[in-house]
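Colleague: Take a look at the following structure, please.
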Amino acid sequence: ESITMAYNTFHGVETRILRIFNTYGPRMRLNDGRVIPAFIGQAIRGEDLTVFGDGNQTRSFCYVDDQVEGIWRLLHSDYHLPVNIGNPDEITIKDFAEEIIKLTGTNQKIIYKGLPKDDPLQRQPDISKAKSILGWEPKIGRAEGMKITYDYFKSLSAEELAKEEHKDFTKFIY
């Protein structure tokens, strides 16, 4: 952000700065370490869902179509200061794990492991600039977006899912 602002200020280069928050949707990789594909992958494979810490840390998830719309609007604006593009609908990781179990129709348990040292306790974007400057806010709710995402993962072949079984899911990025 500092370099981008410097080029904007000192060189007159047209710039945009956006801050992206936890994007999800179809075509995610099951082994990328993020919580959504990790939980869905564990549920599909019949494994218990792993939550780090007590599960009270929060996250906000923005469906990819909404994210792209926000980015497009920022790129077509003349606003050069930072703008948060994400979904402020916040949920605890524990509650999210329970949503995944309900969505997948499985009966996995939630197991708890130690919280990684640098794991933030809250991640929720303030999108007031995006609303006022870009006229943007997310439109796809978590329930709808997660159903689309889960249906994508369910459509993967057994061979694609098997590749993921040997991955190390002990270090998730929430």
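The values are calculated or read from the model by the stated rules, or taken from the named source; none is laboratory data. Please read all numbers here as calculations on a predicted model, not as lab measurements. Neighbour counts run over all protein chains shown; Cβ positions are idealised from the backbone, glycine included. For accessibility, only protein heavy atoms count, side chains too; no ligands or nucleic acids. Shrake-Rupley method; radii C 1.70, N 1.55, O 1.52, S 1.80 Å.
Colleague: If you scan the stretch 30-57, which residues turn out to be surrounded by fewer than 17 Cβ atoms within 10 Å (Cβ to Cβ) and under 15 Å from the mean Cα position of the chain (by Cα)?
Modeller: Correct list: N31, D32, G33.
Colleague: Being loosely packed, with under 14 Cβ neighbours inside 10 Å, among the aliphatic types (A, V, I, L, M) and assigned to a helix (DSSP H, G or I) is the filter here, so list the residues in the stretch 111-159 that pass it.
Modeller: Selection gives A143, A158.
Colleague: Every residue in the stretch 114-131 that is closer than 16 Å to I20 by Cα and in contact (Cβ under 8 Å) with a residue 40 or more places away in the chain, please.
Modeller: P120, Q122, R123, Q124, P125, D126, I127, K129, A130
Colleague: Between a residue in the stretch 41-55 that is closer than 12 Å to N107 by Cβ and any residue that is among the aliphatic types (A, V, I, L, M) and open to solvent by 20 Å² or more (accessible area, probe 1.4 Å), which pairs come within a Cβ distance under 6 Å, given they are 6 or more apart or on different chains?
Modeller: Going by the 6 Å Cβ cut-off, the qualifying pairs are D48/I111; L49/I110.
Colleague: Something else now. Cβ-Cβ distance below 6 Å, separation of 6 or more or different chains: which pairs start in the stretch 4-26 with a residue that is closer than 18 Å to F39 by Cα and touching a residue at least 24 places away in the same chain (Cβ under 8 Å) and end on one that is surrounded by 11 or more Cβ atoms within 10 Å (Cβ to Cβ) and among the aromatic types (F, W, Y)?
Modeller: N22/F61; Y24/F61; G25/Y63; P26/Y152
Colleague: Still on this structure: Looking only at the stretch 80-103, decide whether some residue is of a type in the set (D, E, K, R), farther than 18 Å from E144 by Cα and touching a helix residue (DSSP H, G or I) at 6+ places or on another chain (Cβ under 8 Å).
Modeller: Within the stretch 80-103, not a single residue is of a type in the set (D, E, K, R), farther than 18 Å from E144 by Cα and touching a helix residue (DSSP H, G or I) at 6+ places or on another chain (Cβ under 8 Å).
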